[in-house]
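The values are calculated or read from the model by the stated rules, or taken from the named source; none is laboratory data. All figures in this text were calculated on a predicted structure; none of them were measured in a lab. Note that each Cβ is placed from the backbone with ideal geometry, even for glycine, and that neighbours are counted across all protein chains shown.
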């Protein structure tokens with residue numbers, strides 16, 4: 001094999017990795033936007049058909065795993081019915097190997113929820129996502145996303161009586 005052929009193959013490989021990284025970064029931005037706007041079907045679509053979203057157990061909250069697009073969309077609707085918020089995503093650390101990738105990224109999520117007719121709760125969750133990705137016919141998708149909260153704050157507003 002000539003040096004020229006080797007260089008072209010190397011360039012193609014490097015370009016494919018750069019394209020994968022940019023597509024995954026865009027997928028992460030889509031993940032946050034569709035969740036924050038309550039687009040449950042759009043949120044479920046960032047996952048593979050058998051994708052999993054998992055929240056690890058905390059001392060004051062049980063863990064939860066949701067699998068498959070229908071269950072993912074239902075989960076998004078359930079949470080967004082009571083809580084609204086906005087993700088602040090950090091850039092992911094990625095390892096790309098062909099049609100598979102893995103990585104992690106930090107997040108902040110600012111939220112407001114109506115706990116009752118007399119109480120509104122606002123707060124922030126910050127943590128880390130561990131993610132595995134797969135390239136599908138529709139582009140890069142998340143196979144599994146594990147949310148690991150690091151800090152959570154809540155403030156309650158009870159209204160003026």
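Checking the condition touching a strand residue (DSSP E or B) at 6+ places or on another chain (Cβ under 8 Å), surrounded by 12 or more Cβ atoms within 10 Å (Cβ to Cβ) and within 26 Å of residue 126 (Cβ to Cβ), which residue from 42, 85 passes?
85
Consider residue 123 against the criteria (1) in contact with a strand residue (DSSP E or B) (Cβ under 6 Å, 6 or more places away or on another chain); (2) at pLDDT 95 or above: it satisfies all of them except one. Which criterion is unmet?
Evaluating residue 123 over (1) in contact with a strand residue (DSSP E or B) (Cβ under 6 Å, 6 or more places away or on another chain); (2) at pLDDT 95 or above leaves (2) as the failure.
Residue by residue through the stretch 61-102, note down the ones that are part of a strand (DSSP E or B), over 15 Å from residue 32 (Cβ atoms) and modelled with pLDDT of 95 or more.
Within the stretch 61-102, 64, 65, 66, 67, 93, 94, 95, 96, 97, 100, 101, 102 meet the criteria.
Would you confirm whether any residue within the stretch 104-113 is within 28 Å of residue 18 (Cα to Cα) and either touching a helix residue (DSSP H, G or I) at 6+ places or on another chain (Cβ under 7 Å) or in a loop (DSSP other than H, G, I, E, B) (or both)?
Yes, because at least one residue in the stretch 104-113 is within 28 Å of residue 18 (Cα to Cα) and either touching a helix residue (DSSP H, G or I) at 6+ places or on another chain (Cβ under 7 Å) or in a loop (DSSP other than H, G, I, E, B) (or both).
Can you tell me which of 6, 30 is assigned to a helix (DSSP H, G or I), free of Cβ contacts under 8 Å to residues at least 40 places away in the same chain and closer than 14 Å to residue 139 by Cα?
Just a single option satisfies the conditions, and that option is 30.
Out of the residues in the stretch 88-104 meeting the condition of being surrounded by fewer than 18 Cβ atoms within 10 Å (Cβ to Cβ) and within 13 Å of the chain's Cα centre (by Cα), tell me which one is farthest from residue 132 (Cα to Cα).
The extreme case among them is 88.
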